[in-house]
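Colleague: Mind having a look at this structure? Questions to follow.
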Amino acid sequence: MAATITAGTATAALPITLQADKKQLVHHVFFWLKNPDSVEDRDKLVEGVKTLSTIETIRKLHVGVLASTEKREVVDTSWQVSELMFFDDNVGQKIYQDHPLHLAFIKNYGHLWARVLVYDAAEAL
């Protein structure tokens, strides 16, 4: 009886840490401006976030501002700008974190924000 190894079997045989590193990663960042009512500061930060789009490991970048949706108890409307990035895996996200463009973004635009909150989520398989 010949043993057949499928892709799923091979993946299951990998150490858990390697499997986790190969899951798509979503990096969602929320920014609170020092001057929350300043459209100029908001637009400047949006401009800065968009400069990150050329980092080679970012698969998709969505830059957002607060939407005018209905007010509900579960919706946080206290932030001003968000960035949502998709990476192939943890390695791609780490390259982004250390990338000179990301470090320049922090240096050149960090004076605009009072608070930053990050949510990193790995794809659930």
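Colleague: Out of all the residues in segment 100-108, is one or more farther than 14 Å from F30 by Cα and either aromatic (F, W, Y) or in a strand (DSSP E or B) (or both)?
Modeller: yes
Residue by residue, here is whether (1) at pLDDT below 95; (2) within 27 Å of D98 (Cβ to Cβ); (3) polar (S, T, N, Q) holds:
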residue	(1), (2), (3)
A10	yes, no, no
P36	no, no, no
G64	no, yes, no
T77	yes, no, yes
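Colleague: If you check every pair at least six apart or on different chains, which have Cβ atoms under 7 Å apart with a residue in segment 23-44 that is outside any loop (DSSP other than H, G, I, E, B) and surrounded by fewer than 16 Cβ atoms within 10 Å (Cβ to Cβ) first and a residue that is basic (K, R) and modelled with pLDDT of 95 or more second?
Modeller: What qualifies is W32/R115.
Colleague: Separate question: Output the number of the condition that F86 fails; it satisfies all remaining conditions of (1) in a strand (DSSP E or B); (2) touching a Phe, Trp or Tyr at 6+ places or on another chain (Cβ under 9 Å).
Modeller: Among (1) in a strand (DSSP E or B); (2) touching a Phe, Trp or Tyr at 6+ places or on another chain (Cβ under 9 Å), the lone unmet condition for F86 is (2).
Colleague: Could you check segment 66-80 and list, in sequence order, the residues that are loosely packed, with under 14 Cβ neighbours inside 10 Å and not small (G, A, S)?
Modeller: The answer is T69, E70, K71, R72, E73, V74, V75, D76, T77.
Colleague: Give me a count of the residues in segment 75-91 that are of a type in the set (S, T, Y) and under 16 Å from D41 (Cα atoms).
Modeller: Residues flagged as of a type in the set (S, T, Y) and under 16 Å from D41 (Cα atoms) within segment 75-91 amount to 2.
Colleague: Shifting gears a bit: If I filter segment 51-83 down to residues being assigned to a strand (DSSP E or B) and not β-branched (V, I, T), which single residue comes out as farthest from W32 (Cα to Cα)?
Modeller: Among residues in segment 51-83 that are assigned to a strand (DSSP E or B) and not β-branched (V, I, T), the one farthest from W32 (Cα to Cα) is K60.
The values are calculated or read from the model by the stated rules, or taken from the named source; none is laboratory data. Treat the numbers as computed from the prediction; the structure is a model and nothing was measured. Neighbour counts are summed over all protein chains in view; Cβ atoms, including those assigned to glycine, are modelled from backbone coordinates with ideal geometry.
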